[in-house]
Amino acid sequence: MRNKSMIITGASKGIGEELSEKKKKKGYNLLLIARTEALLKEIKEKIPSPHADQIVSCLATDIYNPEPLGKEINAFYHACDGIDVLINNAGYVKRGTSTINHEDIEKMINVNLVGAINMVRHTVPKMIEKKSGYIINVCSRNAKIQRSFLGGYAATKAALLAYSGSLYKELSASGIKVTALCPGFVDTQMTQDLEIERHRLIDPLDICKTIEFILSLSKSVALKELDMESIDQVGGYC
């Protein structure tokens, strides 16, 4: 029986780093994608492989640049004899709504939306060949609950949520499941500038546990989206 295989974007920090470490310990074959090669190598090397034939590949690139993605995903697919899970986790955030500058909104669109679509375009044909697979798009509660200081970011995450909903319907008949995971603010580098006590934020480990739960559901269950908030944040600032 072959090892399960997973692709994780935004794999070098925050949720992606936590998930990469957990799945490596569980023996998953992994393709870890992020911009910084040194951080990817650090994750790859610091967790011992539980078995000798485990595959852990790293790709340092911007996911909105489609050129290297197809080649690397194709190689990973053939090495693992399949791709079981794609975690579209990469994200970029800058504050601003009416005042946001062109460079920041363009980068958020590219990373949060175009990059995720690129990953889907290159991965879905491989999943269709096997008539199975799972795509988890890490969206945000900001896609649904708008805040004055995060209008640009909310717009890109709302677009990803809408795309994920269409993908959920399109791929169902092919045996591929799609879930949009919408957490509130998570205790990662992306939220360091927020004036909120860290204990009021979601622990990245809880995101990993939620992903584990989603993947554990039986084949008969379709989960379109799942919202998460810190209990201390409900009804408050966040």
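The values are calculated or read from the model by the stated rules, or taken from the named source; none is laboratory data. Note that the structure is predicted; figures quoted are calculated from it, not measured. Cβ placement follows ideal geometry from the backbone for every residue including glycine, while neighbour counts extend to all protein chains displayed. With ligands, DNA and RNA removed, areas are computed over all heavy atoms of the protein, side chains included. Shrake-Rupley method; radii C 1.70, N 1.55, O 1.52, S 1.80 Å.
Could you give the semi-axes, largest first, of the ellipsoid that matches the range 82-207, computed as the square roots of 5 times the alpha carbon gyration tensor eigenvalues and rounded to whole Å? All intermediate terms of the calculation are to be shown ahead of the outcome.
Working: eigenvalues 157, 55, 27 Å².
Those come to 28, 17, 12 Å.
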Evaluated at 4 °C and 1.567 mPa s, the Stokes-Einstein D of the range 20-88 based on the Kirkwood radius over Cα pairs, in µm²/s, stands at 103 µm²/s
Given points 7 Å out from each Cα along the Cα-Cβ axis, report the Phe213 to Ser166 separation in nanometres with one decimal. 3.0 nm
Long-range HN-HN contacts of Arg35 with modeled amide H, under 5 Å: Thr61
Binned at 10 Å from 0, what are the whole-percent values of the Cα-Cα distance distribution for the range 48-132, short to long? 15, 39, 28, 13, 4, 0
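Quick test of the membrane-span-like rule: which DSSP H helices of the chain reach at least 15 Å along their long axis (C-alpha atoms) with mean Kyte hydropathy at least -0.5? Display every interim value, and only then the final one.
Working: long enough: 14-25 (17 Å, -1.62); 67-80 (21 Å, -0.26); 115-130 (23 Å, -0.14); 151-171 (30 Å, 0.26); 204-216 (18 Å, 0.95).
Once both thresholds are applied, what remains is 67-80, 115-130, 151-171, 204-216.
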Whole-number percent relative contact order across the chain, with pairs defined as alpha carbons under 8 Å at least 6 apart: 18 percent
Report, by chain and number, residues whose modeled amide H sits under 5 Å from the one on Met228, excluding near sequence neighbours (fewer than 5 apart, same chain). Cys182, Gly184
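Would you calculate, for the chain, the mean residue ellipticity at 222 nm contributed by helices, counting each DSSP H stretch of 4 or more residues as -39,500 (n - 2.57) and dividing by all residues, to the nearest 500? Write down the numbers at each step before the final one.
Numbers: 7 runs with 94 residues, N = 238.
Taken over the chain, the calculation gives -12500 deg cm²/dmol.
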Once neighbouring chains are kept in place and the probe is 1.4 Å, which whole percent of the accessible area of the chain is contributed by carbon and sulfur? 51 percent
Taking amide H positions as placed in the peptide plane 1.01 Å from N, state which residues far from Leu86 in sequence (5 or more) or on other chains have amide H under 5 Å from it. Ile7, Tyr134, Ile135, Ile136
Quick check on packing: order 43-56, 95-108 by the mean number of other C-beta atoms within 10 Å, highest mean leading. 95-108, 43-56
Under the Karplus curve 6.51 cos²θ - 1.76 cosθ + 1.60, θ = phi - 60°, whole-Hz ³J(HN,Hα) for the range 136-149, x wherever Gly or Pro sits: 10, 9, 7, 8, 5, 5, 5, 5, 10, 10, 7, 10, 4, 9
